[in-house]
Amino acid sequence: MAKRNTYDADSISVLEGLEAVRMRPGMYIGSVSTKGLNHLVYEIVDNAVDEHLAGHCDTIEVYLEKDGSATIIDNGRGVPVGMHQKGIPAARVVYTTLHAGGKFDDSSYKTSGGLHGVGSSVVNALSEWMEVTVCKDGFIYKDRYAYGQPDMELVNGLLQTVGKTRKTGTSIRFYPDKQIFEHIRFKEEQIKNRLHETVYLNPGLTIVFTDLRDGKNSEPVTFHEPDGLVQYIKEMNAGKETKTDVIYFSGEEDNIMVECALQFTSDFDENIFGYCNCINTSEGGTHITGFKTVFTTVINSYARELGILKDKDANFTGADVRNGMTAVVSIKHPDPRFEGQTKTKLDNQDAAKAVNKVTGEEITR
Ligand code: 0RA
């Protein structure tokens, strides 16, 4: 394999320590309220989703444990455990160093480029303890941390092995720090909603959620949506009077993948949802404006072709043609930039171009 495409123990860049995170947690996870707390789970899940997007993981398990900790297990390749700099194993560098992510790789679409895509080291920094279990190369490796600091001896500079296995994957269990968070009880409903949203955007992925805490129904809940965005639209429009089937199209332009589903209902308003690399862009941005612009153009030229609009008639406005529209525009971008009040507005100009091209081509077929 070409060296430049391998992600191994060497290709992790090291920037700074975790003290900064404990000093100003809000800067890294948005807040220390329940929202920020739940975010710790999303952060770990997102890393497993990246492994799914890389083509190596199809199932993620999420447990809210009896003791108040959370466990996230994926069946990916397992976080690299090989020797990194100064005799520290790569996995330990990943979880104890801020911004130690994968080296940037144009062939992947990391969620970690996004909103609070800050990496699992932030979760570690904000946890009383965290345990990492990596199944890889026939072995089960373990590492443990307290308040972000290693809490387990290395053996010959490597992580301890606690057994053998044929499986591969990564398991993270962490207990949030009650000195940092206002409350440390995860909100089941909010987490389930987020996990459901994640599988709508990743139709090949299955996420199994289990709440083992007291007083809860501990039956596992499986999220899997093989029909992806089409089913997402159907769910959003459930109970509404629909005027069309769900229209779906996808394509790629300039290394940007574009996927879109839409349906019209008899409502008067429009509901257009945008995502970039599975991050909900609630402030909109270039992918959404690109979509709106091209949709208006296409409908107007179609209306003239059909004689619905005569030459002398004014064009339909954007609001006219989106009347009653429910749509999801989801793009995967190799280098997303977010701006706005809550950093949820996509700023990449090439995203508008890509959405324009794909929508224009696909909707006029
Ligand atoms: C890069 C390379 C390899 C695995 C991963 C990333 C990886 C990261 C995470 C984060 C959560 N789960 C994960 N699973 C895998 C594998 C490199 C190799 O083949 O040794």
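Each residue in region 323-365 was checked for being modelled with pLDDT of 95 or more, under 20 Å from residue 265 (Cβ atoms) and open to solvent by 30 Å² or more (accessible area, probe 1.4 Å), and 1 pass.
The numbered conditions (1) within 17 Å of residue 209 (Cα to Cα); (2) touching a Gly at 6+ places or on another chain (Cβ under 7 Å); (3) within 11 Å of the ligand (Cβ to nearest atom) are all true for residue 51 except (1).
Checking each residue in region 123-146 for being outside any strand (DSSP E or B) and either modelled with pLDDT under 95 or surrounded by fewer than 19 Cβ atoms within 10 Å (Cβ to Cβ) (or both) picks out 137, 138.
Of the strands (runs of 3 or more DSSP E) lying entirely inside region 221-296, those containing at least 1 residues that are within 13 Å of residue 197 (Cα to Cα) and touching a residue at least 12 places away in the same chain (Cβ under 8 Å) span 221-224, 271-276. Contact map, region 151-179: first residue more than 19 Å from residue 88 (Cα to Cα) and open to solvent by 60 Å² or more (accessible area, probe 1.4 Å), second residue of a type outside the set (A, V, I, L, M) and part of a strand (DSSP E or B), Cβ cut-off under 7 Å, separation 6 or more or different chains; pairs are 164/139; 167/135; 168/135; 168/136; 173/71; 173/131. Residues of region 280-297 that are more than 13 Å from residue 320 (Cα to Cα) and open to solvent by 20 Å² or more (accessible area, probe 1.4 Å): 280, 282, 283, 289.
Scanning region 257-279 for residues that are open to solvent by less than 10 Å² (accessible area, probe 1.4 Å) and under 15 Å from the mean Cα position of the chain (by Cα) gives 274, 275, 276, 277. If only residues of region 162-189 that are within 16 Å of the ligand (Cβ to nearest atom) and assigned to a strand (DSSP E or B) are counted, the one that is farthest from residue 73 (Cα to Cα) is 174. Scanning region 61-82 for residues that are assigned to a strand (DSSP E or B), open to solvent by less than 40 Å² (accessible area, probe 1.4 Å) and more than 9 Å from the ligand (Cβ to nearest atom) turns up 62, 64, 70, 71.
Condition first: at pLDDT below 90, assigned to a loop (DSSP other than H, G, I, E, B) and small (Gly, Ala, Ser). Now tell me which residues in region 1-58 satisfy that. Passing the criteria: 2, 13, 17, 30.
The values are calculated or read from the model by the stated rules, or taken from the named source; none is laboratory data. Predicted model only: the values in this text are computed from it and were never measured. Backbone-built Cβ (ideal geometry, glycine too); neighbour counts: all protein chains shown. Remember, those area values only see protein heavy atoms, side chains included, never the ligands or the DNA or RNA. Shrake-Rupley method; radii C 1.70, N 1.55, O 1.52, S 1.80 Å.
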